[in-house]
Amino acid sequence: MIRLYDSGFYLKNGKAEKAERPDTEARKKTMAYKILMAHDRGPEGEVMHIRFDSLISHDITYVGIIQTAKASGLTEFPVPYVMTNCHNSLCAVGGTINEDDHVFGLSAAVKYGGIYVPANQAVIHQYAREMMAGCGRMILGSDSHTRYGALGTLGVGEGGPEIVKQLLENTYDISYPRVVLVYLTGSPARGVGPHDVAIALCGAVYKNGFVKNSILEFCGPGIKNLSMDFRIGIDVMTTETACLSSIWETDGAVEEYLAVHGRPEAYKELRPEEGAYYNAMVEIDLSSIEPMAALPFHPSEAYTIRELMTDGADILREAEKRAEEQFGGKVSLSLTDKIRDGHIYVDQGVIAGCAGGMYENIAEAASILKGRDTGCGAFSLSVYPPSMPVNLELIRKGIMADLTEAGAVFKPCFCGPCFGAGDVPANNAISIRHTTRNFPNREGSRPGDGQLSAVMLMDARSIAATAANHGRLTPATDMDYEFSYPESYGFDDTVYKKRVYDGFGRPKADEPLRYGPNITEWPSIPELKPNMLMELASVIHDEVTTTDELIPSGETSSYRSNPLKLASFALSRRDPGYVPRTEGIRKEAEKLAMGQPSERIAEALRLAGASEEDVKDTIMGSVIFARKPGDGSAREQAASCQRVLGGCANICYEFATKRYRSNCINWGMMPFTLDKDTEFDYEPGDLIYVPDILELIKSGAADIPAKVISGQEVRDLMLHMAPLTEEEKKILICGCLMNYYAAAKAGRV
């Protein structure tokens, strides 16, 4: 189905040709290079200084972004900044705090000249596709699934501090990334959908890091055989491969899409120049893709549904083992009991959001279910359209009526099922979902309370086929059906014109920001001192630690605008002892800062060789060790929550994503790494002393000598720091991005 070629390739005459050696000149012929260079505001070189055409955030992140930018001198939004409310967390629980955030967002749009999309109007990425994307453009979003490559736009998902930089007319600084050719051939079979292709791609490239931090450039004769919804559905899932961004060749289908959406001027033909050079290639024969399923707990746990039907017991048993390892035996997940009479039965189906809730996916699901039903048993099917214009089309074309008649339930334009705030299944249930992620707890269960359920990602087509068989796992290719609705669909933006506030270019500086009682300022964060003492607050040896484990999504998001309250949930579903430990470490740090270290800390520093003067110049904080932290969401809270609890660093073998490492830096936490062969056999409570850290950061040192104090034993530990930009050094020295901007405003940096 998918072949990987880990060597350089040229694209000549529309075909891939192996290159003998790297070609830095020919890489300039890629679409990615041309778009990046058009947005580079610095001197030409390996480090680019990017300014984006527009920005977009949702309500889990925009309050913190505005608060940070305001504290840093924001006067008005310099480019279109869209604030959506699709992460409408706890809209019925938690008093006024949810809507208070939305009121704040609207007041910010009025004051600074922004675009405000009310709750239930559109999910963040569908609004960007319909109203913002265009060929050759770049969009930065504070959500990891900011991907608009199928529309010719380089979308990048980063943490909120990177949005703040753009709002203050600074740049997104990044070394020129690898560009990987994704060469498409063939045509998908009836019953195969975009999620099938995406899951197969994730399975092929995620675990081996084949495309990590790269830009995927989609080319080849197979593109013309894919509708726009199909392309978009593959594209949004490229986030789960750990790539940086994606871009596709554009053609008449893109031109028609943009024209239908009222923006014909946003189209231009994009294609690589003859002889464009790529660092590697992924070849996908669309004709060979089968209906797929991604088992818990990652989109890369990819199997064909045929394999599941044949070897389900063995495959599900492996998933049970992963759950056992993931949760340390504290809670169990039983999947093999879903096998009855040789078939796998699931409990719930969900088609939703920026990946699943597209017109074509829902229309094909309706075609499969036409004349059938979802049954009167335990199985249920929920459908969440991605925007009100799409919802309007589903109503006008009878699709909503037919699915409702079959037993499906339509719900608002809401991202909840993607992050654990909607349709939480029963304990030990399996939910099959055409959504973006199936990480632990993304379905909303609480393992700390003895609850655990699981999500298996599938395409809307096979979800509908399974629904037609009342929960018996069924690939859509086994169903006899015809597409029953118009393949093309219109776009009526009347609902946006009547509800969306568009104040770009018309800021009203005299208008006040409206604060609810849960919206609080960031606590003060200290600057770096010459030396650093870190106490291990959590040690995680899982292969990968997701941002959802660092700060759970779902209900915790209701406190998104209250940094200290939100931080109280940090690592709560992975290491419940983390927050109490940080409280003890903060007390020790306060004593040290006052020059009155406790006996334990004073003795540890003495054992490490610190002089009395060194002790006075030492800052203390907590630190997390994880083998590979930061996979998943772009939410900066995964880092900021550690910081407000007194965290000063992460130690790992590698960071799962660039965006999480950037979030750590922007919040003033040292992004330390270890050599792969370094054994980290330390425990919470052990101390790590890093002398001369201030000078080492200033000098750009790659090697950071440290000493670990475990009881009375002292051992050397070599930490590493990947290259930092000059601005990143200043941010770490100042303590965080906010401090850096305040210092710059005062002329201190």
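The values are calculated or read from the model by the stated rules, or taken from the named source; none is laboratory data. Predicted model only: the values in this text are computed from it and were never measured. Positions of Cβ are generated from backbone atoms using ideal geometry, with glycine treated the same way; all protein chains shown enter the neighbour counts.
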Of residues in the range 566-585 being surrounded by fewer than 17 Cβ atoms within 10 Å (Cβ to Cβ) and assigned to a helix (DSSP H, G or I), the one farthest from the chain's Cα centre (by Cα): Gly584
Matching residues in the range 661-681 - criterion: being aromatic (Phe, Trp, Tyr) and under 25 Å from the mean Cα position of the chain (by Cα): Trp667, Phe672
Residue in the range 8-32 that is farthest from Glu273 (Cα to Cα), counting only those that are part of a helix (DSSP H, G or I) and touching a strand residue (DSSP E or B) at 6+ places or on another chain (Cβ under 7 Å): Ala32
Any hit, the range 226-236, residues being part of a helix (DSSP H, G or I), within 28 Å of Ser488 (Cα to Cα) and in contact with a His (Cβ under 8 Å, 6 or more places away or on another chain): yes
Near pairs, Cβ below 7 angstrom, 6+ apart or cross-chain, from the range 7-23 (of a type in the set (Ser, Thr, Tyr)) to any residue that is part of a strand (DSSP E or B): Ser7/Lys18; Ser7/Ala280; Tyr10/Glu17; Tyr10/Ala276; Tyr10/Tyr277
Single match in Pro440, Pro417, Pro385 (criterion: touching a helix residue (DSSP H, G or I) at 6+ places or on another chain (Cβ under 9 Å), at pLDDT 95 or above and buried (at least 21 other Cβ atoms within 10 Å of the Cβ)): Pro385
Criterion: in a loop (DSSP other than H, G, I, E, B), farther than 23 Å from Ala421 by Cβ, in contact (Cβ under 8 Å) with a residue 12 or more places away in the chain and touching an Asp or Glu at 6+ places or on another chain (Cβ under 8 Å) - qualifying residue of Pro526, Pro597: Pro597
Residues satisfying the stated conditions in the range 297-349, i.e. assigned to a loop (DSSP other than H, G, I, E, B) and without any contact (Cβ under 8 Å) to a residue 40 or more places away in the chain: Gly328, Gly329, Asp341, Gly342
Among the residues listed as Ala570, Ala589, Ala537, the single one being at pLDDT 90 or above and either more than 22 Å from Gly711 (Cα to Cα) or not assigned by TED's automatic domain parsing to the domain that holds Gly647 (or both): Ala570
Selected residue [crowded, with 23+ Cβ neighbours inside 10 Å and either within 27 Å of Tyr206 (Cα to Cα) or of a type outside the set (A, V, I, L, M, F, W, C) (or both)] from Ala128, Ala189: Ala128
Those strands (runs of 3 or more DSSP E) lying entirely in the range 631-724 with at least 3 residues touching a residue at least 40 places away in the same chain (Cβ under 8 Å): 647-652, 670-673, 687-690, 713-720
Some residue of the range 123-131 being of a type outside the set (A, V, I, L, M, F, W, C), part of a helix (DSSP H, G or I) and out of contact with any strand residue (DSSP E or B) (no Cβ under 7 Å at 6 or more places or on another chain): yes
Single match in Ala464, Ala454 (criterion: under 22 Å from Ala319 (Cα atoms), surrounded by 17 or more Cβ atoms within 10 Å (Cβ to Cβ) and assigned by TED's automatic domain parsing to the domain that holds Ala421): Ala454
Residue count for the range 424-437, restricted to those that are closer than 19 Å to Met358 by Cα and out of contact with any Cys (no Cβ under 7 Å at 6 or more places or on another chain): 3
Some residue of the range 314-334 being buried (at least 24 other Cβ atoms within 10 Å of the Cβ) and in contact with a Pro (Cβ under 9 Å, 6 or more places away or on another chain): yes
Test: residue in the range 394-404 that is in contact (Cβ under 8 Å) with a residue 12 or more places away in the chain, out of contact with any Gly (no Cβ under 8 Å at 6 or more places or on another chain), outside the structural domain of Gly233 (by TED's automatic domain parsing) and in a loop (DSSP other than H, G, I, E, B): yes
Hits in the range 236-286 - residues which are touching a Pro at 6+ places or on another chain (Cβ under 8 Å) and either assigned by TED's automatic domain parsing to the domain that holds Ala133 or of a type in the set (A, V, I, L, M) (or both): Met237, Leu244, Leu258, Leu286
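Residue-wise test of (1) among the small types (Gly, Ala, Ser); (2) over 20 Å from Ala421 (Cα atoms); (3) buried (at least 21 other Cβ atoms within 10 Å of the Cβ).
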{"site": "Gln67", "(1), (2), (3)": "no, yes, yes"}
{"site": "Lys70", "(1), (2), (3)": "no, yes, no"}
{"site": "Pro80", "(1), (2), (3)": "no, yes, no"}
{"site": "Asp100", "(1), (2), (3)": "no, no, no"}
{"site": "Pro118", "(1), (2), (3)": "no, no, no"}
{"site": "His145", "(1), (2), (3)": "no, no, yes"}
Single residue of Thr435, Thr466 found to be touching a strand residue (DSSP E or B) at 6+ places or on another chain (Cβ under 8 Å), within 30 Å of Arg263 (Cβ to Cβ) and either among the small types (Gly, Ala, Ser) or in contact (Cβ under 8 Å) with a residue 24 or more places away in the chain (or both): Thr435
Hits in the range 167-199 (condition: hydroxyl-bearing (Ser, Thr, Tyr) and part of a loop (DSSP other than H, G, I, E, B)): Thr171, Tyr176, Ser187
Residues located in the range 280-296, provided they are crowded, with 21+ Cβ neighbours inside 10 Å and assigned to a loop (DSSP other than H, G, I, E, B): Ile289, Pro291, Leu295, Pro296
Contacts under 7 angstrom Cβ, first residue in the range 112-125 being within 18 Å of Cys354 (Cα to Cα), partner among the charged types (D, E, K, R), 6 or more apart: Pro118/Arg499; Gln121/Arg499; Ile124/Asp143
Qualifying positions in the range 529-558 - assigned to a helix (DSSP H, G or I) and surrounded by fewer than 21 Cβ atoms within 10 Å (Cβ to Cβ): Glu555
Condition check for Val197: within 27 Å of Arg322 (Cβ to Cβ) and crowded, with 22+ Cβ neighbours inside 10 Å: yes
